[in-house]
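So the structure is just underneath, and the comments pick up after that.
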Amino acid sequence: MARRWLAAWLLALVVVLGAAAAFEVHLRQLGYVPTVQDDEDLWSLQADRLRGATNPIALLGASRIQFAVDRERVEQATGRTTAMLAVNGAYPVAALRWLAKDTSFKGLAVIGVDSRGLDRRHWEMQQRWIDHYEHRWTYAREIHRLLLTPLQEYLVMMRSPFAWVALARRELAGEPMPFNDYLVMRPDRVGFLDYERTDVAAIKRQRLIDLVDYYRNYPPAPPAKWLADLAQVSSWVRTIQARGGKVVFFREPSAGEHLVLDEKNYPRGEYWDAYARISPAPMIEFRDEPEFRSFVLPDTSHIDGKDIPRFTDALLAVLVRHGLIAPTAQ
Amino acid sequence: MTFDSLTFAVFLAATWAAYWATPSWHTRKLLLLALSYVFYAAWNPFFVVLLVATTAFDWLMGRKLEGETRQPVRRVLLCASIAVNLCALGFFKYAQFFTNTAIDLARVIGITYRPIDLGILLPVGISFYTFESLAYVIDVFRRRSKASTRLLDYSLYVTFFPHLVAGPILRYNDFDPQTAAPKPFAETAQGRGLALLFIGLALKICLADLVFAPVVDTLFAPDQHPGMAESWLGATTFSLQVYCDFAGYTLCAIGVALMFGFRFPSNFESPFGSVGMIDLWNRWHISLSTWLRDYVFKPLGHYRRGRLRGHANLIFTFFLCGLWHGAAWTFVLWGGLNGVLLVAERIFRDHVWDFTRVRSAPGRAALALVTFAIFAVEAVMFRAHSIHQAAGMMATMLGLHARPASSIVPAHDARFALAVGACVLAAQIATVNVRGWEWLDRVSIGWRTAVAVAALCAVVFSPGLNPAFIYFQF
């Protein structure tokens, strides 16, 4: 290399590394912490765990599973390969359909869902992740994701809200620095919420506003129609059961105004219980299980990260009682 | 693996170190070929078989063509090679498209078929390496190239990883001499190659993905109906996005090739500084436009058989250009539209005003902006999800279809994208006469450091998702 180029590159490297170090220190001083960023590639790594595993456990659902069940703890307690396939903000019916089509899956699918999530309107929400896994997941992406994860684990500046373009946009819009996210994600996609680092009242308020808006814009399907649509879901469950697998629907805890609104729009007797009477899969409702009574839901929908081990143990105990995992497994 | 992935960073570092540590030139080329197959296999290992088979077939055809003196037999050999290449391309890329079109046509005459999903995966880069193979065989047939005697060198021409999946489309006559003798390591090419790699990454990661893509994706969402101002915003930001994406990829390819001692042709030369669409197509995706000129437009007779026939040849060539880009009618129409625009420009310049003779800088800058605006209007067809969406948006832009003013994109996002876009345009207009990147070797160490710092910073401080390069789908 010509000497002038070598010098230019060495100098540039020193300047950029110095700037990166200063930026990292600055972000940490502002209270930000590093976290793995969830994406389709991380989901695909989990989906890969199901391939070739005998009798695996697939954890499906949305944020209430992803931010409440410790995948590692389930794996250790049961001795069965466990994959965290829940997706924050997306209901899991598409993932159930995908497991039904995958003839190699003969394990247990734990599906965290409520009556709203079973509504046909929400069935395709996770299809994007499945399409990615089926069509775009390659060895190259896998290696990229495996290399990227440790960088995100240790560097705050690897979070996309801190890209200079995102910060410049905020500056132009007169917005403050990015929201100090109270979620820390582990590489296996289990998320830990730390409510001590955030304004719980504001989050609770916003969650309620969003839910009121949602039910105003998307009123529930009539119970008969809702139930009729679920015949297809039942067929997917039976497909898994026919080859020796098991499926369980689990209505995770919610509380306060959130629960009131859910109950008002999807009355348990007309929806959840109606399906429970004909569903080929067992359906666990949190209010029926004493293990879930003691949990505090700071934002009415999720538990604090500190409660995840206890919640995971509670879920395992319930699964044992329903005969879905072996009693000795715990 | 894409150039903007950590997988590629590791692959490149390992390949580069192994290549330069290998003393024998033959072994180096073998190593490059083997690792190029690894690079390709990272997408789908099964398609390596297709790549190897078509490469070997075309190499054999080249040898046969070289040795054969009977012209009818040579024609048969040429046709066989073209047919095999186009059949492979047609099957993988266009079978679904033609099936869908047939079903649509049947519906028009009252016969209804259920849509059929053929489930065919597109081998990445097939459009690019097929064109390279075709160019080689045709050139050997025309006796403009000597047939390759070494399968290794020919395979490297087709497979060398920097250009394999999205060009630039190489010519055998340009590449083959570079395989003859080893390149010394101690060249400024190393430093410049690294600079081009990072400038390319900055264009892709920072500008295409972070600045322009969010605006484009929002405005081109199927359920959006932007008004006139936002339609223009969508069209112009998409034009800039596709430029930064593809020119960024090409710069990476050229830079990486340089780091291995190979020179690739330039693929973009400040296209948005062009005056007129003819000028623009001489500066935009140059390796494709020259390929189409040499292997489609000229064989059709270009303008030798009269103006009218020439115009028809030009439009037909650009229809094919559109079809090459994608198996969808939007791409075909986009290509045809470009052909029509080029013909219109020729007629306008011949009979009304030859604006390319304008010499004043402000005048040329104004004409460049008009050219960019025309490019942006027709680029809508390239990006839209359907002809219906494209037609609605284009009509709105031209004031032919009144839509209420919209505010789909937040004002500060629009301002930011427009400000960055203005900088890109200004830079292209200012550097329209600067060819290539050799100037980087001539500037002071301070300027080189500044370029390196800017490109590195743009990459390092742009964490985010890494969506695929737009041209990988072709």
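Nothing in this text is a laboratory measurement; each read-out follows from the coordinates by a stated rule. Please read all numbers here as calculations on a predicted model, not as lab measurements. Cβ coordinates were reconstructed from backbone atoms using ideal geometry, including for glycine residues, and neighbour counts include every protein chain displayed.
Structure notes:
- Inter-site label distance for A:GLU72 and B:ALA229 at 7 Å from Cα along Cβ, in nm: 5.3
- Counting Cβ atoms of other protein chains within 10 Å of each residue's Cβ and taking the mean over peptide B:7-18 gives 2.
- Here the simple spin-label model places points 7 Å from the Cα toward Cβ, and for A:SER235 and B:ASP294 these points are separated by 5.6 nm.
- For the residue pairs A:LYS204/A:LYS264; A:LYS101/A:LYS246; A:LYS101/A:LYS225; B:LYS64/B:LYS146; B:LYS64/B:LYS298, the C-alpha atoms sit more than 23 angstrom apart in A:LYS101/A:LYS225; B:LYS64/B:LYS298.
- Cα gyration tensor of chain A - equivalent ellipsoid semi-axes, whole Å, descending: 38, 25, 19
- Counting, for every residue in B:39-45, the Cβ atoms of other protein chains within 10 Å of its Cβ and taking the mean gives 3.
- For the stretch A:34-329, share of DSSP beta bridges that run antiparallel, in % to the nearest 5: 20
- With N counted as the residues of the stretch A:288-330, its alpha-carbon radius of gyration over 2.2 N^0.38 Å works out to 1.25.
- In the stretch B:114-233, the alpha-carbon atoms span a convex hull of 220 Å³ per residue.
- Between the amide H of A:PHE192 and those of A:VAL184, A:MET185, A:ARG186, distances stay under 5 Å, these residues lying 5 or more places away or on another chain, with hydrogens modeled in the peptide plane.
- Exposure proxy order (Cβ contacts within 10 Å, fewest to most) of A:SER235, B:SER36: A:SER235, B:SER36
- Take the convex hull of the alpha carbons in chain B; its mean projected area over all directions comes to 25.5 nm².
- Relative exposure of A:PHE311, A:PHE23, judged by other C-beta atoms within 10 Å (fewest first): A:PHE23, A:PHE311
- The phi torsions of the stretch A:67-83, fed into the Karplus equation with coefficients 6.51, -1.76 and 1.60 and a -60° offset, translate into couplings of 9, 9, 10, 7, 4, 4, 5, 5, 4, 5, 6, 9, x, 10, 4, 10, 10 Hz, rounded to whole numbers, with Gly and Pro shown as x.
- Each peptide in A:51-59, B:251-259, A:299-307 receives the mean, over its residues, of other Cβ atoms within 10 Å, and ordering these scores from highest gives B:251-259, A:299-307, A:51-59.
- Overall, the anisotropy analysis places the stretch A:172-330 in the oblate class: the square-rooted eigenvalues a ≥ b ≥ c of its C-alpha gyration tensor yield a/c not less than 1.5, with a/b not exceeding b/c.
- Sites listed here are GluC sites (Glu not before Pro) in the stretch A:114-147 whose DSSP assignment is loop and whose Cβ has at most 11 other Cβ atoms within 10 Å, and the list is empty.
- Distances between placed amide hydrogens fall under 5 Å for A:VAL113 paired with A:PHE250, A:ARG251, A:GLU252, all partners being 5 or more residues away or on another chain.
- The ellipsoid that matches the Cα gyration tensor of the stretch B:211-271 has semi-axes, each √(5λ) in whole angstrom, of 33, 11, 6, with the longest given first.
- Reduced Cα scattering model of the protein assembly as shown, Debye log10 I(q)/I(0), q = 0.05, 0.08, 0.09 Å⁻¹: -0.32, -0.82, -1.02
- Put in order of Cβ neighbour count within 10 Å, fewest first, the listed residues B:TYR136, A:TYR154, A:TYR214 become A:TYR154, A:TYR214, B:TYR136.
- Per-residue ellipticity at 222 nm, computed for the protein assembly as shown from helices alone with -39500 (n - 2.57) per DSSP H run of at least four residues, works out to -18500 deg cm²/dmol.
- Per-residue average of Cβ from other chains inside 10 Å of B:210-219: 1
- Simple spin-label estimate for B:SER360 and B:LEU151 in nanometres, 7 Å along Cα-Cβ: 6.5
- Cα gyration tensor shape of the stretch B:15-182, rounded if a/c is under 1.5, else prolate or oblate by comparing a/b with b/c: oblate
- Among beta bridges that DSSP assigns inside the protein assembly as shown, antiparallel share in %, nearest 5: 20
- By the rule of a C-alpha distance below 21 Å, with chain neighbours fewer than 8 residues away ignored, the lysines paired with B:LYS183 are B:LYS29.
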